[in-house]
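Trainee: Structure incoming, see below.
The values are calculated or read from the model by the stated rules, or taken from the named source; none is laboratory data. Predicted, not measured: the structure shown is a model, and the values here were computed from it. A quick note on method: Cβ atoms are made from the backbone with ideal geometry, for glycine too, and the neighbour counts reach across all protein chains shown. Protein only, heavy atoms only, side chains kept; ligands, DNA and RNA dropped before computing areas. Shrake-Rupley method; radii C 1.70, N 1.55, O 1.52, S 1.80 Å.
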Amino acid sequence: MRIVSLSEVNQHVAAEQAAEVLRSGGVAAVPTDTVYGLAGLADHPEAIKKMFAIKKRPQEKAFPVFVKDIAMARRYAYISYAKARILERVWPGAVT
């Protein structure tokens, strides 16, 4: 386990180190606006297994997947034409 203290001075370095961990199938604890969250790549099965184990989460309780656009969302879920039009109007923004 590697611990990196995040500061305004080292944001870029810390982000690169977290990205390296994620690309290798690892899991990172990352700060959000209110709490720390666990992050792993959705298309990396080993990372998903690790996240379920760390959180002791039941397999039937899914994790949210963060995506950058409709094309990426369609890699993980069916997005109808009607829903895509709604998403085009509200993205970027918080949509679950």
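Trainee: Quick one: with all protein chains in place, what share of the accessible area of the chain is carbon or sulfur, to the nearest percent (1.4 Å probe)?
Mentor: That fraction is 58 percent.
Trainee: Taking a probe of 1.4 Å, how large is the accessible area per residue of the chain, in Å²? Could the numbers behind the result be given before it?
Mentor: On the way: 7900 Å² over 96 residues.
It amounts to 82 Å² per residue over the chain.
Trainee: Work out from phi, with θ = phi - 60° and the Karplus expression 6.51 cos²θ - 1.76 cosθ + 1.60, the ³J(HN,Hα) of each residue of segment 12-19, listed in order in whole Hz, and give x for Gly and Pro.
Mentor: 5, 5, 5, 5, 5, 5, 5, 4
Trainee: In degrees from 0 to 90, rounded to the nearest 10, what is the angle of the helix 81-90 Cα long axis to the longest principal axis of the chain?
Mentor: Once rounded, one gets 60 degrees.
Trainee: If the reach is capped at under 29 angstrom between alpha carbons, list the lysines near residue 49, excluding any in the same chain fewer than eight residues apart.
Mentor: Result set, ordered by chain and number: 61, 68.
Trainee: Same structure, new question: For residue 66 and residue 9, what does the FRET efficiency come to when R0 = 35 Å and r is the distance between their Cβ atoms, rounded to the nearest 0.05?
Mentor: Efficiency, from the Cβ-Cβ distance: 0.85.
Trainee: Let me ask something else about it. In nm, what is the difference between 0.36 nm times the number of residues separating residue 75 and residue 53 and their Cα-Cα distance?
Mentor: 5.5 nm
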